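The values are calculated or read from the model by the stated rules, or taken from the named source; none is laboratory data. No experiment lies behind these values; they were computed from the predicted model shown. No Cβ is skipped: glycine too gets one built from the backbone with ideal geometry, and neighbour counts run over all protein chains shown.
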Amino acid sequence: MLKDFKAFIARGNVVDLAVGVIIGAAFTSIVTSLTKNLINPLIGLFIGKIDLSGLVFSVGNAHFRYGQFIDSIINFLIIAFVVFLLVKVISRLMPKTSEKEAKPSASEAYLKEIRDLLKDKPL
C-alpha cells in the first residue's frame, strides 16, 4: 500500500495540483492585502470611508455587512483578471498544433492504404 501511495504522489498531475494550490493560496493573500491596503483606501476617498469592510446596515437584530461583500467582489475580480492574463500568456507560449502537422493514428494510416489500394484496383 505504501508503494501505491508513493506512485500516486509521484505522478505529475498530483504534484502540479499541489503546487497550484499552494501558489494560489499565497496569491490570494497578496490580492487580499492589495485590496485592503491599496484599493479600498482609494475607493474610500470617493465614498468617504476608508475601511469598506465596516459598511453595515441593520434591520432589527440582523446586520448586513455589505462592505465585506464589496471587498470579496474586488478580490474575486482581481484574481479572475490575473488568471485570465495567465491563460492568455500560456496559450501564446504553447506551440500550436495544426491538423496538417498532426500525425495520423495507426488505424487512419491503414484505412488510407486500403482506400488507395481500392482506387488502383479496376472494378
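Scanning region 9-22 turns up one or more residues that are at pLDDT 80 or above, small (Gly, Ala, Ser) and either exposed (fewer than 10 other Cβ atoms within 10 Å of the Cβ) or closer than 29 Å to Phe76 by Cα (or both). Looking at region 30-123, the helices (runs of 4 or more DSSP H) lying wholly inside it that each contain 1 or more residues that are modelled with pLDDT of 85 or more sit at 66-93, 106-120. Note on region 48-65: residues that are surrounded by fewer than 13 Cβ atoms within 10 Å (Cβ to Cβ) and either on the phi < 0 side of the Ramachandran plot or hydrophobic (A, V, I, L, M, F, W, C) (or both) total 11.
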